[in-house]
Amino acid sequence: MAEISVIEHIHSMQLKWSPTATGQFTSLLHDLILSAKIISRSVTKAGLVDILGGTGNINIQGEQVQKLDDFANSVMIYRMKNCGVVCALGSEEEEELVIIDNAGERGNYVIFFDPLDGSSNIEANVSIGTIFSIYRVDDNTALTKENILRKGSEQVAAGYFLYGPSTMLVYSTGHGVYGFTLDPSVGEFLLSHENIKIPETGKYYSVNAANYDKWAKEDQRAVDMFTHGGYSLRYVGSLVADFHRTLLYGGIYSYPADMKNKNGKLRLLYEANPLSFLMEQAGGLAVNGQGNRILETMPEHVHMRTPFIFGSVREVEKYRSAFG
Ligand code: AHM
Ligand code: MG
């Protein structure tokens, strides 16, 4: 069987869908992949080299150890700043948007990322990941907040790297969802999941049930339908892992608003938008607490949060029916 590397795949998609492309996008993906390989290397060694500790620890190279999420953030920022094609970035770990001007040369891409999603699980060796969302801006667009913060429907690509039993990349450029698995023996991501489609229905539902008493009546009613409807509960507490399972097996995930997190907990730009883009591309649905498309939300600020419900068409419609 011919093995297709991710860069080969990106090239063939570009030839098919954007034959006049300049190569900037491929270059961006290349640097993203390199960042993820570096992060993956550290995640894999986490228990061995004491990278789990806070700053002040010394690793086996005799260097100061950063916490893994700080490390992932600095790897991503360094590579995105230096790849030459990104003009602005937003990170879950950074207070403000970062505008990048490489000696007057301006790239055409804006990227938002969650450098290490699910980081509360690191010490337990549970799957975690890096989520990214990419937009294009033309040369003449001023890099103001208003021009940079756009609806998720305008993303040109989105995806995630999953650091689990194997390291995977799942991405879409708006022409289907493709999954690649890192083969450590050749150091490449190879195509393993072609044109992923979420099953129309699935038997799992995924919620933090401990928040039940803090949810609105509508969300309680919706979740009751699954609890008492023959479904099984699965909840990792690492969004990227919960998303990946839902994408492959079907079913539903919900993180609604609650009394503590009045606008939900998950972030629109780093988590909900890129995952909604993938979910819709895979034939599923992704909606907010009103049952409206996440991808139609106009971001109010860079760290905006949103209730987030996604999954198979049948289960999301069922959830929505509880909204009346
Ligand atoms: P983070 O780890 O990037 O801060 O993301 C937040 C995490 C998600 O990965 C996960 O789905 C969610 O928080 C779990 O929240 P809770 O512990 O409230 O169930
Ligand atoms: Mg996160």
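What follows draws every value from the coordinates through simple rules; no lab data is involved. Just so you know, these numbers come straight off a predicted model, no measurement behind them. Ideal geometry is used to build each Cβ from the backbone, glycine not excepted, and the neighbour counts take in all protein chains shown.
Calculate the all-directions average of the projected area of the stretch 145-275's alpha-carbon convex hull, and give it in nm².
Approximately 10.1 nm², given one-decimal rounding.
Grab the DSSP H runs of the chain that are 4 residues or longer, score each as -39,500 (n - 2.57), total them, divide by all residues and round the 222 nm result to the nearest 500 deg cm²/dmol.
-8500 deg cm²/dmol
Can you give the Kirkwood hydrodynamic radius for the stretch 205-245, in Å, rounded to one decimal and based on Cα pairs?
10.9
For the stretch 303-316, what does the Karplus curve 6.51 cos²θ - 1.76 cosθ + 1.60, with θ = phi - 60°, yield as ³J(HN,Hα) per residue in whole Hz, taken in order and with x for Gly and Pro?
Coupling constants for the stretch 303-316: 9, 4, 10, 8, x, 9, 10, 8, x, 5, 3, 4, 6, 5 Hz.
Scan around Ala286 for amide H atoms under 5 Å from its own, H built in the peptide plane at 1.01 Å from N, and keep only partners 5 or more places away or cross-chain.
The answer is Ile294.
Note down, for the chain, the three equivalent ellipsoid semi-axes (square root of 5 times each alpha carbon gyration tensor eigenvalue), biggest first, whole angstrom.
One finds semi-axes of 30, 23, 21 Å for the chain.
What spacing in nm lies between the two simple spin-label points modelled at Leu34 and Ala210, each 7 Å away from Cα in the Cβ direction?
Those two pseudo-labels are separated by 4.1 nm.
If I take every Cα pair under 8 Å that is 6 or more residues apart in the stretch 158-206, average their sequence separation and divide by the length, what percent do I get for the relative contact order?
Value for the stretch 158-206: 24 percent.
In terms of modelled amide H atoms, which long-range or inter-chain residues lie less than 5 Å from the amide H of Arg305?
For Arg305, the qualifying residues are Leu268.
For helix 68-82, what angle does its Cα long axis make with the longest principal axis of the chain, in degrees from 0 to 90 and rounded to 10?
Helix 68-82 and the main axis of the chain meet at about 50 degrees.
What is the dipole size for the chain, taken about its Cα centre, with +1 at each Lys and Arg Cβ and -1 at each Asp and Glu Cβ, in debye to the nearest 20?
Roughly 740 debye, rounded to the nearest 20.
Residues with beta-carbon under 11 Å from that of Phe308, excluding Phe308: net charge, scoring Lys, Arg +1 and Asp, Glu -1?
The answer is +1.
How long is the gain from Asn102 to Thr22 if the chain were fully straight, where each residue apart is worth 0.36 nm and the alpha carbon distance is subtracted?
Length difference between fully extended and current span is 27.0 nm.
Sticking to Cα atoms, compute the Rg of the stretch 235-296 to one decimal and its Dmax as the biggest Cα-Cα distance, whole number, in Å.
Taking only Cα atoms of the stretch 235-296, I get Rg and Dmax of 11.3, 32 Å.
Just to be sure I understand the model, the point goes 7 Å from the Cα along the line to the Cβ. What's the resulting Asn140 to Glu317 distance in nm?
Here the answer is 4.5 nm between the modelled labels.
5 Å is the cut-off here: which amide hydrogens, built 1.01 Å from N in the peptide plane, fall below it relative to Thr167, excluding neighbours closer than 5 in sequence?
Counting only residues 5 or more places away or on other chains, the set is Leu182.
Tell me, how many Å apart are the Cα centres for the stretch 1-24 and for the stretch 183-229?
Cα centroid of the stretch 1-24 versus Cα centroid of the stretch 183-229: 30 Å apart.
State the Cα centre-to-centre distance between the stretch 296-314 and the stretch 236-269 in whole Å.
Between the Cα centres of the stretch 296-314 and the stretch 236-269 lies a distance of 10 Å.
If every alpha-carbon in the stretch 164-232 counts as one equal scatterer, what log10 I(q)/I(0) does Debye give at q = 0.13, 0.16, 0.22 1/Å?
Reported log10 I(q)/I(0), two decimals: -0.64, -0.77, -0.91.
Any chance you could tell me what percent of the C-alpha pair distances in the stretch 115-155 go past 15 Å?
So the pairs more than 15 Å apart make up 58 percent of the total in the stretch 115-155.
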